[in-house]
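Worksheet for the structure shown next.
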Amino acid sequence: MREYQATGLEHLALVTELLHAARLANPTGGDWEAADLQWSWRRDQHPDPRASTFWLDDDRPAAAIVFTDWGDNFGCQVLDARHDSASALRIAGTRFTELLDTFASKPTEMEIRGDDRALIDAASAAGFVATDEVHVGTMMPASARAPMTALPDGFVVSSYAERADRPHHMVARSGEHVAARLGECAVYRPDLDLCIVETATDAVAAYGLFWADTVTGVGLVEPMRTEDAFQGRGLASAVLRAGLDRLAEAGCSTLKIYFVKGNEPARRAYLGAGFVPQFESRTYRRAAG
């Protein structure tokens, strides 16, 4: 087992390989899919090798500690090829706290499953404090998804594959390079990057990004958004169910989405589409310095 630090596209390839192995080894464990880390890529391409520290076993990633720069804070993920945080922490040893101290210039946040006692204890010992932010992880077999709902008159479902001559519909929240960054991600497909368009104005009213991971069979939905002017018309449910159909057609057998606990519209839309809560993850925060 040797420590190895990666940057840029090598980071992206290694973290994808690691999380593919983890999901295949442990179909229900852990928080993260490869698509989660690929979605983070739009914001941070990991130019600092210290932010992407792997432990390799015969050149295959066995564990990693990854820091993502979100601007106001760092996110930290402890990853293991079996979705076993206790194993990753044993492999990392003192490097966990050493790396945390390296990135102490800003607050650091970790999202930890409620049943991951090893990581909760390690984070608490390192100075992390539980916050009130809780995410609910929901899953379902693709065969259990609810049928597509009709769109209101004047709206159509489109995809970035059909609209690539226009600015990407997530530029406002994810930056001008979001299309290029997504295009570098192995699990991303522009035909599964969906939006609902108001036909009279060509305005994007809602969108959802559907990640079809054909290696693991998991279809992840991240993100989902309805623009303020279009809320309350059932557009979120429509784009969600259209995307779930496409994930099933792409060969995904398991579908997955998160929502923030207390977000009642999201809970209704997701559970109404067939998702079932499976676990909760709480955000833990470590102050800067």
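The values are calculated or read from the model by the stated rules, or taken from the named source; none is laboratory data. None of these values were measured; they are calculated from a predicted model. With ideal geometry, Cβ positions are generated from the backbone for all residues, glycine too; neighbour counts draw on all protein chains shown. When the accessible area is computed, the model is the full protein with side chains, heavy atoms only, and any ligands, DNA or RNA have been set aside. Shrake-Rupley method; radii C 1.70, N 1.55, O 1.52, S 1.80 Å.
As an exercise, find the ratio Rg/Rh for the range 125-251 from alpha-carbon atoms, using the Kirkwood inverse-distance average for Rh.
Ratio value, two decimals: 1.01.
Leaving out ligands, DNA and RNA, what percent of the accessible area of the range 59-205 is carbon and sulfur, probe 1.4 Å? Don't skip to the end; give the middle numbers.
Numbers: 3320 of 6650 Å².
Roughly 50 percent, rounded to a whole number.
Give me the one-decimal nm value for the distance between modelled label points at Ala126 and Thr7, 7 Å along each residue's Cα-to-Cβ direction.
2.3
Name the long-range amide H neighbours of Thr53: under 5 Å, sequence gap of 5 or more, or other chain; modelled H, no Pro or chain starts.
Here Ile65, Phe67 satisfy the definition.
Treating only the Cβ of Lys, Arg, Asp and Glu as charged (+1, +1, -1, -1), what charge dipole size does the chain show about its Cα centre? Round to the nearest 20 debye.
Value, rounded to 20: 480 debye.
Can you give the helix-only mean residue ellipticity at 222 nm for the chain, where every DSSP H stretch with n ≥ 4 adds -39500 (n - 2.57) and the sum goes over all residues, rounded to the nearest 500 deg cm²/dmol?
The helix-only estimate for the chain comes to -8500 deg cm²/dmol at 222 nm.
More than 24 angstrom separation, counting every C-alpha pair in the range 72-165; what % is that?
The share of Cα pairs beyond 24 Å in the range 72-165 comes to 47 percent.
Go ahead and collect, in residue order, the members of the range 12-30 whose backbone nitrogen is under 15 Å from a label point 7 Å along the Cα-Cβ direction of Asp59.
Under cut-off, by backbone N: 14.
Once the range 209-289 is represented by equal point scatterers at the alpha-carbon sites, with solvent omitted, what log10 I(q)/I(0) does the Debye formula produce at q = 0.24 Å⁻¹?
Each listed q corresponds, in turn, to -1.20.
Among Gln77, Gln278, Gln38, determine the one that fluctuates most according to a GNM of the chain built with springs between C-alpha atoms less than 10 Å apart.
Gln278
For the range 24-40, take each phi angle, set θ = phi - 60°, evaluate the Karplus expression 6.51 cos²θ - 1.76 cosθ + 1.60, and give the result in whole Hz per residue in order, putting x for glycine and proline.
Karplus values, whole Hz, x for Gly and Pro: 5, 6, 9, x, 10, x, x, 8, 9, 9, 4, 5, 4, 6, 5, 5, 5.
Let me test this: with uniform point scatterers at the alpha carbons of the range 22-64, what is the Debye-based log₁₀ I(q)/I(0) at q = 0.19, 0.21 1/Å?
Debye curve over Cα of the range 22-64, log10 I(q)/I(0) at q = 0.19, 0.21 Å⁻¹: -0.77, -0.91.
Mind checking the range 1-84 for chymotrypsin sites (Phe, Trp or Tyr not before Pro) that DSSP puts in a loop (not H, G, I, E or B) and that have at most 15 other Cβ atoms within 10 Å?
Sites meeting the loop and neighbour criteria: Trp70.
Given the peptides 239-248, 160-169, arrange them by the average over their residues of other C-beta atoms within 10 Å, most packed first.
239-248, 160-169
Once every Cα of the range 1-143 carries one equal point scatterer and solvent is ignored, give the base-10 log of I(q)/I(0) from the Debye formula at q = 0.11, 0.17, 0.19 Å⁻¹, two decimals.
-0.38, -0.95, -1.22
Let me spell out the model: positive unit charges on the Cβ of Lys and Arg, negative unit charges on the Cβ of Asp and Glu, origin at the Cα centre of the range 164-226. What dipole size does that give, in debye rounded to 20?
140
For Thr149 and Ser105, FRET efficiency with R0 = 41 Å and r from the beta-carbon atoms, rounded to 0.05? Mind dumping the intermediate values first?
Working: r = 47 Å, r/R0 = 1.14.
Efficiency, rounded to the nearest 0.05: 0.30.
Testing the spin-label approximation: label points 7 Å from Cα along Cα→Cβ at Asp228 and Ala287. State their distance in nm.
Each label point is offset 7 Å from its Cα along the Cβ direction, giving 3.3 nm.
For a test of the definition: using alpha carbon positions, the gyration tensor, and the 1.5 limit on a/c, classify the range 113-162 as rounded, prolate or oblate. Write out the running numbers ahead of the final one.
On the way: a/c = 3.60, a/b = 2.57, b/c = 1.40.
Prolate.
For the chain, what size does the Cα cloud have along each of its three principal axes, sorted from largest down, in whole Å?
For the chain, the Cα spread along each principal axis is 59, 36, 36 Å.
In whole Å, how far is the Cα centre of the range 195-257 from that of the range 66-137?
29
With every protein chain left in place, what is the accessible area per residue of the chain in square angstrom, probe 1.4 Å?
So the chain comes to 43 Å² accessible per residue, rounded to a whole number.
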